[in-house]
Amino acid sequence: MASSSTTTGTSSGGSGPYPIQGSGSEKDLQHVMDQRKKKRMISNRESARRSRMRKQKHLDELATQLSQLRKENNQMISSVTITTQHYLNVETENRVLRAQVAELSQQLQSLNEIIGLVNPCVDSGCGFMEEQYGSGTEFVDEFMSNSLSYVYANQAILASADMFMY
């Protein structure tokens, strides 16, 4: 005997009690399954949309960060270029000054040798004293009257930045 009474049971999906009715129960079960499938599809689409939005937001943030880092990098490169140029200028100036120091030291040594020839007291260690030469004008007059000394006194400093470029 076949009965058409309603009983509860579980479907083959195992997701809860469904009314089981002869031939109509399969249609109801299919309808419920279709509804769940449709709901799941809508939920998945919404989740995918949110995921795409998060991904796009992250990409936009990365693009902004990239732009900022490029800007900072360009500023650093510019700063390094300026600092390097300044360093090269200072280095060149130092070379010129060192050459001038060497040249002036050579002139001073030559002048001291001339003074030693003019006044043997300097070589013997008695020193240059104001009372020996008065106010110093006599020494300058004596120094300028010696033609060799005059050449050294008027010798130009010949060092220039062009001499030291490598």
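Just one of (1) basic (K, R); (2) surrounded by 12 or more Cβ atoms within 10 Å (Cβ to Cβ); (3) within 26 Å of the chain's Cα centre (by Cα) trips up R95, so point out which. R95 satisfies every listed condition except (3).
Scanning region 69-83 for residues that are open to solvent by 90 Å² or more (accessible area, probe 1.4 Å) and not hydrophobic (A, V, I, L, M, F, W, C) turns up R70, K71, N74, Q75. Going through (1) open to solvent by less than 60 Å² (accessible area, probe 1.4 Å); (2) in contact with a helix residue (DSSP H, G or I) (Cβ under 8 Å, 6 or more places away or on another chain) one by one, Q100 falls short only on (2).
The values are calculated or read from the model by the stated rules, or taken from the named source; none is laboratory data. Quick caveat: nothing in here was measured; it's all calculated off a predicted structure. Quick reminder, even Gly has a Cβ in these numbers, built from the backbone with ideal geometry, and neighbours come from all protein chains shown. The area values use the complete protein model at the heavy-atom level, side chains included, leaving out ligands, DNA and RNA. Shrake-Rupley method; radii C 1.70, N 1.55, O 1.52, S 1.80 Å.
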